[in-house]
1. In this structure, does Lys338 turn out to be farther than 18 Å from Val73 by Cβ, touching a helix residue (DSSP H, G or I) at 6+ places or on another chain (Cβ under 6 Å), charged (D, E, K, R) and outside any strand (DSSP E or B)?
2. Do you know which residues across the range 165-190 are among the charged types (D, E, K, R) and either surrounded by 21 or more Cβ atoms within 10 Å (Cβ to Cβ) or closer than 18 Å to Ala143 by Cα (or both)?
3. Please work out if Thr112 is in contact with an Asp or Glu (Cβ under 8 Å, 6 or more places away or on another chain) and either more than 25 Å from Ala308 (Cα to Cα) or surrounded by fewer than 24 Cβ atoms within 10 Å (Cβ to Cβ) (or both).
4. For Ile170, which of the numbered conditions (1) assigned to a loop (DSSP other than H, G, I, E, B); (2) more than 28 Å from Asp293 (Cα to Cα); (3) among the aliphatic types (A, V, I, L, M) fails to hold?
5. Can you tell me which residue is nearest to Ile302 (Cα to Cα) among those in the range 166-188 that are over 12 Å from the mean Cα position of the chain (by Cα) and of a type in the set (Val, Ile, Thr)?
6. Only one of (1) touching a Cys at 6+ places or on another chain (Cβ under 7 Å); (2) assigned to a strand (DSSP E or B) fails for Pro317. Which number is that?
7. Scanning for something closer than 24 Å to Asp409 by Cβ, within 16 Å of the chain's Cα centre (by Cα) and hydrophobic (A, V, I, L, M, F, W, C), does the range 363-375 turn up at least one residue?
8. With respect to Gly395, is the statement that it is touching a strand residue (DSSP E or B) at 6+ places or on another chain (Cβ under 7 Å) and either not hydrophobic (A, V, I, L, M, F, W, C) or not assigned by TED's automatic domain parsing to the domain that holds Thr295 (or both) true?
Amino acid sequence: MPYITAKSLPRRTVLRGIGATLSLPFLESMVPAFAVRGSAAGKVPHRFQTFYVPNGMAMEYWAPKGEGTAFEVSPILQPLADYRNQMLVLTGLKANWNYIHAGASGSFLTGTTRGGRNEVEIIADVSMDQLLARQFARETQLASLELAMDPPANAGACTGNLSCAYTHTISWRSATQPLPMEYNPRAVFEKLFGDTGTTDRRAREARLHQHKSILDSVTDKLAGLKRDLGPQDQGKINEFTESLRDIERRIQKAEEQSELELPSLDQPQGVPPSFEEHLELMFDLQLLALQSDLTRVISFMISKEQSARPYPQIGVPEAHHPLSHHGNQPELIERMSKINTYHAQLFAGYLKKLRETQDGDGSLLDHMTILYGSGISNSNAHSGDNLPLLVMGGGAGRLRGGQHLVYKDKPTMANLLVTLMDKLDVPVEKIGGSTGKLPIDTLGGM
């Protein structure tokens, strides 16, 4: 398996590339001397990513014409035309929990069929990314990354008088534990490389020693505290203890990999002033996390449900969410499609980075399965039928792209999640409200 070269360009130059001012993609001479690690048999790892877009879709501009391999790329998907051979367009799937915006993002990876009844009752199911994270965490320092372009708000009511947790995340560690999405690049850097402000090996080793001492102290105190608590509080402590065990596992994995020469990067200073600069930085941090095998599971929201972000840079000054309720007016639907197309264009830029990054005998994109789409189709009606969904990437040879697959019996999104778990070699019997798998001989032909 090829190693990434130990030579590197000046890291100040690379930092500018990550931050905003350099448009070059990552090159082999920009990254450190460490192997892309796989399984014990030397197999290149198969990675999974979700790319969530909010507020539904201008379906008139999304739906491709034709089925199978003879489909025509639609206007919204046109920016992804160069990746047609690694594209599966899926038509006919429906949401498991069709409850306005809360159900859209709340069920996207969980397949849950219900949620809470008010802003303090938070119920869903374990999300697909976290099922994968439990398995892949054996090989990586971070089980998963949960990232977004909007600040988190997992408290209070956001939609239908339900908790903001449903609209501000797509990742759930348990049925009652939504995971916050990190939007600050500085915090993402710290999660990947620590809080020393640098990736220097000696600084990382000192940080590991300090964190291990703190963790030992906290674990001892929790054991004593738990004996004096009632059953309900003990349950909460058990959840917290699970989080501590994950930290402990990460420290152990980092110690095992302490000899790795990580990129000599300085810590980003925070959220850049423009949306595009912020997004570029988040993309590059995700790329680096995958490239260095710090994680194999990433969930990313380009925006949250009910986002009011305007897009004047593409000629759409209206706020996204109000525009999505277009009243079926053609001129408003057309403007909505510009936002959808712009998101696809930005996604294509990320795919380009993945395709240009060598990974084993191919590229990162070849060895990834990426789920792209929204939990709402017709945004004006909050429809959960016929969701706009793509599966992108080579899937480590487990996917056959270049197809538009049409499902006429309205299977649910959860059935797709179960099928993708099979493709990632982590089979499960059920996710959320799944009722089976999509036909294996159709999805990927294998």
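The values are calculated or read from the model by the stated rules, or taken from the named source; none is laboratory data. Everything numeric in this text was worked out from a predicted model, so none of it was measured. Positions of Cβ are generated from backbone atoms using ideal geometry, with glycine treated the same way; all protein chains shown enter the neighbour counts.
1. On the way: farther than 18 Å from Val73 by Cβ: no; touching a helix residue (DSSP H, G or I) at 6+ places or on another chain (Cβ under 6 Å): yes; charged (D, E, K, R): yes; outside any strand (DSSP E or B): yes.
No; evaluated as a whole, the condition is false for this residue.
2. Taking the range 165-190 first, the residues among the charged types (D, E, K, R) are 173, 182, 186, 190.
If the condition is that a residue be among the charged types (D, E, K, R) and either surrounded by 21 or more Cβ atoms within 10 Å (Cβ to Cβ) or closer than 18 Å to Ala143 by Cα (or both), then Arg173, Glu182, Glu190 are the ones that fit.
3. On the way: in contact with an Asp or Glu (Cβ under 8 Å, 6 or more places away or on another chain): yes; either more than 25 Å from Ala308 (Cα to Cα) or surrounded by fewer than 24 Cβ atoms within 10 Å (Cβ to Cβ) (or both): yes.
So Thr112 passes the test.
4. (2)
5. Going through the qualifying residues, I end up with Thr167.
6. Failed condition: (1).
7. Of the range 363-375, the ones closer than 24 Å to Asp409 by Cβ are 369, 371-375.
Restricting the remaining residues to those that are within 16 Å of the chain's Cα centre (by Cα) gives 369, 371-375.
Next, from what is left, pick out any that are hydrophobic (A, V, I, L, M, F, W, C): 371.
Among the residues of the range 363-375, at least one is closer than 24 Å to Asp409 by Cβ, within 16 Å of the chain's Cα centre (by Cα) and hydrophobic (A, V, I, L, M, F, W, C), which makes the answer yes.
8. Numbers: touching a strand residue (DSSP E or B) at 6+ places or on another chain (Cβ under 7 Å): yes; either not hydrophobic (A, V, I, L, M, F, W, C) or not assigned by TED's automatic domain parsing to the domain that holds Thr295 (or both): yes.
For Gly395, the condition - touching a strand residue (DSSP E or B) at 6+ places or on another chain (Cβ under 7 Å) and either not hydrophobic (A, V, I, L, M, F, W, C) or not assigned by TED's automatic domain parsing to the domain that holds Thr295 (or both) - is met.
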